[in-house]
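For reference, the structure discussed in these notes is given below.
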Amino acid sequence: MADEELSILLKSANPAMVVVTAAAGGERAGCLVGFHGQSSITPPRYCVWLSKANHTFRIGLRSTHFGLHFLGADDHAMAEAFGSLTGDETDKFAGRSVLPGPGGVPLLADLPNRLVGRRLCVLDDGGDHVCFTLEPVAVRGPTSPFIPLRQSQALDIAPGHGNAERPAPPTERALPGGARLRT
């Protein structure tokens, strides 16, 4: 498979960006996410993939609920705050208006288009991101469609954790000498 061709194809999809929040054990976390989507109509389900390198991932493993805040085209500053800083070193919620949500999830008052989901399951397929499947329990959105902040509008945001910090899974393409994995 041509990695460059896949990269071009996926960048062309230009997904909407969301800020994901979670809380557990008295800790809050939040990060900018481009990997997310509806995964079932009936019953309704929504999935979000979090990087194993992120503070939000570690809090999310202990959290019962997640807040997904859908960013509008004018929310670049919020995307930058939650995407370029790491919760390992910074309280991203400091100075922000935060509301308590279902299951104790912190909700950002300045981002009203949101979905709160109860965590149903977690799938770790060995990649650098882990999928959390959510059951929507609360939704607050606009009365008409809005223009989302797209990945192409957030390319100037340097991530709080780089690719080198994400564990690389042992796949066939990564094994020395083309050795095959045993299953």
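The values are calculated or read from the model by the stated rules, or taken from the named source; none is laboratory data. Given the structure is predicted, the values throughout are model-derived calculations rather than measurements. Every residue, glycine among them, receives a Cβ derived from its backbone with ideal geometry; neighbour counts consider all protein chains shown.
Would you confirm whether or not region 104-119 contains a residue that is aliphatic (A, V, I, L, M), over 16 Å from ALA138 (Cα atoms) and in contact with a helix residue (DSSP H, G or I) (Cβ under 9 Å, 6 or more places away or on another chain)? Among the residues of region 104-119, not one is aliphatic (A, V, I, L, M), over 16 Å from ALA138 (Cα atoms) and in contact with a helix residue (DSSP H, G or I) (Cβ under 9 Å, 6 or more places away or on another chain), which makes the answer no. Is one or more of the residues making up region 26-44 in a helix (DSSP H, G or I) and at pLDDT 90 or above? No; the residues of region 26-44 include none that is in a helix (DSSP H, G or I) and at pLDDT 90 or above. Here CYS47 qualifies as of a type outside the set (Gly, Ala, Ser) and either assigned to a helix (DSSP H, G or I) or surrounded by fewer than 21 Cβ atoms within 10 Å (Cβ to Cβ) (or both).
Looking at PRO142, PRO106 in this structure, which one is closer than 19 Å to PHE70 by Cβ, in contact (Cβ under 8 Å) with a residue 12 or more places away in the chain and exposed (fewer than 14 other Cβ atoms within 10 Å of the Cβ)? Step by step, each of PRO142, PRO106 is checked, and only PRO142 is closer than 19 Å to PHE70 by Cβ, in contact (Cβ under 8 Å) with a residue 12 or more places away in the chain and exposed (fewer than 14 other Cβ atoms within 10 Å of the Cβ).
Would you call LEU68 over 21 Å from GLY103 (Cβ atoms), hydrophobic (A, V, I, L, M, F, W, C) and assigned to a strand (DSSP E or B)?
Judged against the criteria, LEU68 is not a match.
Residues of region 17-33 that are of a type in the set (Gly, Ala, Ser) and surrounded by fewer than 19 Cβ atoms within 10 Å (Cβ to Cβ): ALA24, GLY25, GLY26. Here is a check on your reading of the model: is GLU80 over 18 Å from ARG119 (Cα atoms), of a type outside the set (S, T, N, Q) and touching a residue at least 40 places away in the same chain (Cβ under 8 Å)? Answer is yes for this residue.
Quick grid of which residues meet (1) surrounded by 11 or more Cβ atoms within 10 Å (Cβ to Cβ); (2) modelled with pLDDT of 80 or more; (3) more than 18 Å from the chain's Cα centre (by Cα):
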{"site": "PRO112", "(1), (2), (3)": "yes, yes, no"}
{"site": "ASP128", "(1), (2), (3)": "yes, yes, no"}
{"site": "PHE146", "(1), (2), (3)": "yes, yes, yes"}
{"site": "LEU155", "(1), (2), (3)": "no, no, no"}
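If you check THR21, THR56 for being outside any strand (DSSP E or B), out of contact with any helix residue (DSSP H, G or I) (no Cβ under 6 Å at 6 or more places or on another chain) and touching a residue at least 24 places away in the same chain (Cβ under 8 Å), only one passes: THR56.
In this structure, is VAL137 at pLDDT 95 or above, farther than 13 Å from THR21 by Cα and within 14 Å of the chain's Cα centre (by Cα)?
no
Take the conditions (1) under 25 Å from PHE146 (Cα atoms); (2) crowded, with 20+ Cβ neighbours inside 10 Å; ILE59 misses just one of them, which is (1).
For region 78-123, the set of residues classified as among the charged types (D, E, K, R), outside any loop (DSSP other than H, G, I, E, B) and farther than 24 Å from LEU134 by Cα consists of GLU80 only. On the stretch given as region 64-92, residues that are surrounded by fewer than 16 Cβ atoms within 10 Å (Cβ to Cβ) and modelled with pLDDT of 95 or more total 1. Against the conditions (1) over 20 Å from LEU61 (Cβ atoms); (2) touching a residue at least 12 places away in the same chain (Cβ under 8 Å); (3) in a strand (DSSP E or B), PHE132 satisfies every one except (1).
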